[in-house]
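K.L.:
This is the structure I want to talk about, given as structure tokens.
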Amino acid sequence: MRDAVGSFVGWPSDLIFPDAETPTRPTHKVGKGISRRIESVASQKEVPGRKLKSAAKDIPTTSGTKSQIMMRLEKMVDESDIMHGAIRSIDFDEGVFGAAHFEIIAKEDMQQLFEHDELGIAVIHTYIWYMYVTLMRGTELCNRFNFIAASRINATLITKNPTSVKNDLVDRFMAAGDNTTPSLYFLPFNSGNGGHWVLVVMDLSRLIVYYLDSLSGDWSKYPSMKKTVDAAIIKFRSKKNYRNRKDITWVRVQCPQQNNSVDCGFFVLRFMRDIIALNRIDIPKMYFEEYKSYSRAHLDEMKDELCQFIVDQRII
């Protein structure tokens, strides 16, 4: 598939599922597609959070209504070949997930953003790319925060081949260095049962795993996920000859809660955004004082940030 980047291709519809294991994207038919390579903007060192806060200030958001930047992007999509089944294949910076990664953007992914619908993996990953470029790249935050691709670690894959998923997780840990200083690994985890998203955050140096779920409950809902994460951490520490001084501690964070059936993906993205913007390695059990709850405006702000990023990167 990657050989087609930069060329016009007739893409068989049965091959366009980079996230086929995550049931949050509906099946769709794709005709002639354009695979477009996106060149990254130059790395800039800035005070962490400055660019993100500036973007939020510059883009006025009224809760429940579409902003100017969203309407602009929606018009671009409406006038593009995406509306007729075309796709975009985007190369991410290798630093985002610790290895080469590309994402396919199609019509339904953009509609999730415009209509505030349940988020699929493509939107989740693209916003993660946005955070990496906007907040992290070229700063010391790259040594403090790491992302794990949800397409490699999710409930459906664990059910099919838990050993392979565990090894993929270990490989991601190995790609980031020795992990002897505190840093966090963000795993947006999809339940595979109705497409619910939760956030699993791992601190390998202190053997702490934070669990953030915008619905009630804890990790006991996903025992195979917990077992796989624990096994991966233990195997990683064994490969590095680290001593397991204590057991792995899981912490359920009392995070903001959604009040509908579609916001879980948005909440997971907002959790990561706030942790990075605050530059916090330790996540309080009662969450951050600054963000005890999320309004619709908090979520709309992220959608506007992503719309602006998609326009700036010339993805459409």
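K.L.:
When you scan segment 93-211 for helices (runs of 4 or more DSSP H) that lie fully inside it, which ones turn up with 1 or more residues that are acidic (D, E) and within 20 Å of S224 (Cβ to Cβ)? Before you say what the answer is, go through the steps one by one.
P.N.:
Values: elements: 94-97, 107-114, 121-131, 155-160, 162-175.
Once the helices (runs of 4 or more DSSP H) in segment 93-211 are filtered for at least 1 residues that are acidic (D, E) and within 20 Å of S224 (Cβ to Cβ), what remains is 162-175.
K.L.:
Could you check, for segment 176-185, whether at least one of its residues is over 20 Å from D263 (Cα atoms), of a type in the set (A, V, I, L, M) and either open to solvent by less than 10 Å² (accessible area, probe 1.4 Å) or at pLDDT below 95 (or both)?
P.N.:
Filtering segment 176-185 down to residues over 20 Å from D263 (Cα atoms) leaves 176-185.
Okay, now just the ones that are also of a type in the set (A, V, I, L, M), so 176, 184.
Of the ones still in play, those that are also either open to solvent by less than 10 Å² (accessible area, probe 1.4 Å) or at pLDDT below 95 (or both) are 176, 184.
Checked against the condition, which is being over 20 Å from D263 (Cα atoms), of a type in the set (A, V, I, L, M) and either open to solvent by less than 10 Å² (accessible area, probe 1.4 Å) or at pLDDT below 95 (or both), segment 176-185 yields at least one hit.
K.L.:
Quick check on my filter: what residues within segment 72-90 are outside any strand (DSSP E or B), of a type in the set (S, T, Y) and either open to solvent by less than 10 Å² (accessible area, probe 1.4 Å) or in contact with a helix residue (DSSP H, G or I) (Cβ under 7 Å, 6 or more places away or on another chain) (or both)?
P.N.:
none
K.L.:
Next question. From K221, K227, grab the single residue that is over 20 Å from the mean Cα position of the chain (by Cα), free of Cβ contacts under 8 Å to residues at least 40 places away in the same chain and open to solvent by 80 Å² or more (accessible area, probe 1.4 Å). Before you say what the answer is, go through the steps one by one.
P.N.:
Working: K227 fails: free of Cβ contacts under 8 Å to residues at least 40 places away in the same chain.
Only one candidate qualifies: K221.
K.L.:
Looking at the structure I just gave you, is L207 of a type in the set (A, V, I, L, M), modelled with pLDDT of 95 or more and open to solvent by less than 20 Å² (accessible area, probe 1.4 Å)?
P.N.:
Answer is no for this residue.
K.L.:
Give the number of residues within segment 267-316 that are open to solvent by 10 Å² or more (accessible area, probe 1.4 Å) and of a type in the set (D, E).
P.N.:
Qualifying residue count for the region: 5.
K.L.:
From the list K303, K246, K226, which residue is within 29 Å of S164 (Cα to Cα) and assigned to a helix (DSSP H, G or I)? Break it down into steps so the answer makes sense when it comes.
P.N.:
Working: K303 fails: within 29 Å of S164 (Cα to Cα); K246 fails: assigned to a helix (DSSP H, G or I).
Answer to the check: K226.
The values are calculated or read from the model by the stated rules, or taken from the named source; none is laboratory data. For clarity, every value in this text was computed on a predicted model and none was experimentally measured. Every residue, glycine as well, gets a Cβ built from its backbone with ideal geometry; the counts of neighbours run over all protein chains shown. SASA here: full protein model, heavy atoms, side chains in, ligands and nucleic acids out. Shrake-Rupley method; radii C 1.70, N 1.55, O 1.52, S 1.80 Å.
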